[in-house]
Every structure is written in structure tokens, then in C-alpha cells.
Amino acid sequence: MKLIIGLGNPGLKYRKTRHNVGFLAVDSFSEKNKRSLNKEIVILKPQLFMNNSGAAVAKAIRKFKVGVRDVLVVCDDINLALGVIRFRSSG
């Protein structure tokens with residue numbers, strides 16, 4: 001099983017902001033792949049503010065009994081220019 005977790009902030013105030021790029025990305029991925037998604041991929045959008053999202057990610061990892069290598073977290077990074085994507089295996 002794989003987890004794809006999009007991070008953002010709940011509420012209309014943040015809906016289309018850079019801080020919600022994780023929500024926007026998993027929504028787009030889900031829409032484009034809805035026919036090919038199966039039980040082996042779980043997509044989550046924790047409804048916690050970004051500063052509290054680590055607890056939600058940890059809980060999902062425990063609930064679905066997956067290793068960290070089976071988790072993709074999508075979020076914004078203020079240190080990257082808008083539109084730049086970085087993959088990393090820690091942090």
C-alpha cells in the first residue's frame with residue numbers, strides 16, 4: 001500500500017493559496033487518475049493546519065501499517081521558487 005498525503009490548511013481563507021499546494025496537487029492527481037486508482041493507493045488531505053500535520057501523517061502511517069518509503073507527502077516549501085519541485089527522502 002502507498003499513501004499520498006497532500007498538506008494544506010483547511011478553510012476557504014487558504015483555499016487557493018500557495019500554502020495549499022499539497023491539497024491542490026492530490027486533488028488534481030485524483031481527478032486525472034480516478035479510473036486507475038485502487039485499494040493499494042490511499043490519498044489523504046488532513047484537515048489540520050500545516051503546523052499540526054505531522055501528527056496526522058504519523059497517525060496515517062500507523063493506521064495503514066506502511067513504512068516511510070511508501071509515503072509521499074506533498075507540501076509547499078517557502079525556500080523553493082514557485083513552480084520548482086523537489087523530491088527528497090527525509091525531512
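Laboratory data are not the source of any read-out in this text; all were calculated from the coordinates shown. Worth saying up front: this structure is predicted, and the values here are computed from it rather than measured. Cβ sites come from the backbone with ideal geometry, for glycine too, and all protein chains shown count toward neighbours.
DSSP beta bridges fully contained in the range 1-87 are about 0 percent antiparallel.
Close amide H partners of residue 5, meaning residues 5 or more places away or on another chain with modelled amide H under 5 Å apart, are 44, 72, 73, 74.
Loop-resident trypsin sites (Lys or Arg not before Pro) (DSSP state other than H, G, I, E or B) in the range 7-91 with no more than 10 further Cβ atoms inside 10 Å of their Cβ: 16, 34, 35, 39, 65, 86, 88.
Annotation: for a label point projected 7 angstrom from Cα along Cα→Cβ of residue 78, residues of the range 11-55 with backbone N closer than 15 Å are 18-21, 50-52.
With only Cα atoms counted, the chain has Rg and Dmax values of 13.0, 35 Å.
The angle separating the long axis of helix 53-64 from the principal Cα axis of greatest extent in the chain is about 10 degrees.
Based on alpha carbons, the Rg and Dmax found for the range 35-80 are 12.2, 35 Å. The long axis of helix 21-33 is offset from the longest Cα principal axis of the chain by roughly 50 degrees.
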